[in-house]
1. If a residue has to be under 13 Å from K22 (Cβ atoms) and buried (at least 19 other Cβ atoms within 10 Å of the Cβ) to count, how many in region 113-148 make the cut?
2. Yes or no: region 138-155 includes at least one residue that is under 23 Å from L8 (Cβ atoms), at pLDDT below 95 and touching a helix residue (DSSP H, G or I) at 6+ places or on another chain (Cβ under 9 Å).
3. Would a scan of region 97-118 turn up a residue that is in a helix (DSSP H, G or I), at pLDDT below 80 and farther than 20 Å from V201 by Cβ?
4. Hey, C172 hits all of (1) touching a residue at least 12 places away in the same chain (Cβ under 8 Å); (2) open to solvent by less than 60 Å² (accessible area, probe 1.4 Å); (3) under 29 Å from T32 (Cβ atoms) but one; which does it fall short on?
5. Name the single residue that is farthest from R111 (Cα to Cα) among those in region 1-10 being open to solvent by 50 Å² or more (accessible area, probe 1.4 Å) and touching a residue at least 40 places away in the same chain (Cβ under 8 Å).
6. I'd like the residue in region 18-76 that is assigned to a strand (DSSP E or B) and in contact with a Pro (Cβ under 6 Å, 6 or more places away or on another chain) and, out of all such residues, is farthest from R5 (Cα to Cα).
7. All but one of (1) of a type in the set (K, R); (2) at pLDDT 90 or above; (3) in a loop (DSSP other than H, G, I, E, B) hold for K162, so report the exception by its number.
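The values are calculated or read from the model by the stated rules, or taken from the named source; none is laboratory data. Since the model is a prediction, treat every value here as computed from it, not as a measurement. Methodologically, a virtual Cβ is constructed for each residue, glycine included, from the backbone with ideal geometry; neighbour enumeration extends over all protein chains shown. SASA here: full protein model, heavy atoms, side chains in, ligands and nucleic acids out. Shrake-Rupley method; radii C 1.70, N 1.55, O 1.52, S 1.80 Å.
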Amino acid sequence: MSKERPILFNADMVNAILSGRKTQTRRIVKPTKDRNGSGCHLAPCEIAGEVNGGDYALCPYGQPGDRLWVRENFLYLMHGDVTAGDIKYCASIDSRSAAGSKNPGYWWRKRPSIHMPRWASRITLEIVSVRVERLRDISEADAMAEGIEFPENGTYRDYGVKPENNEGYDYCKTAVDSYRTLWEQINGSDSWDANPWVWVVEFKRVEACQ
């Protein structure tokens, strides 16, 4: 029987999923307790051997056929100190929408993704495959499947540089270079060079309430 689990994505990656660009995600593998009750921890390389051999029991995201519901930053419509029920998704609105409400007594309260309840999630994903590999083993095709932006000028977005006056981004020459800037933006400047073992979760989008 398939299971459902929550997973967090930032605004860029939410929009990449919604546009159909993103069908993979990579997350760092952490040492996990051995299932035999010994209290010992399996190293990421040992976890890789089990998962890549078809045993998904140690994967915190599930196995093929399981589902992930996406948590993202959002806004609650409030009436005084009481939730009014309506929500907005930060990835899909202008930041000025959080300033207030046209109705007296109502206001928008920003909430981080970790606090999103299941009913508020608008994106549900079905896991297609799971594997474990080194971060820097990523291919050009897999980097594209991570949802990076490919502008019309034939280069790729540099996620480490914010657009100046919202007029444009700096760019990278390859998809892998672009993904490196995205990874470092999320995990820190030395995280790419560390080349950790990562979960590679491939997914497809399904209807949220299916």
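1. Final tally of qualifying residues: 8.
2. Yes, that holds for at least one residue.
3. Checking region 97-118: at least one residue is in a helix (DSSP H, G or I), at pLDDT below 80 and farther than 20 Å from V201 by Cβ.
4. Here C172 meets the rest and fails (3).
5. S2
6. Filtering first and then ranking leaves H41.
7. (2)
Listed here are the residues, each with its yes/no results for (1) among the polar types (S, T, N, Q); (2) in contact (Cβ under 8 Å) with a residue 40 or more places away in the chain.
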residue: F74; (1), (2): no, yes
residue: K88; (1), (2): no, no
residue: S92; (1), (2): yes, yes
residue: R109; (1), (2): no, no
residue: P112; (1), (2): no, no
residue: R118; (1), (2): no, yes
residue: S121; (1), (2): yes, yes
residue: D142; (1), (2): no, yes
residue: P151; (1), (2): no, no
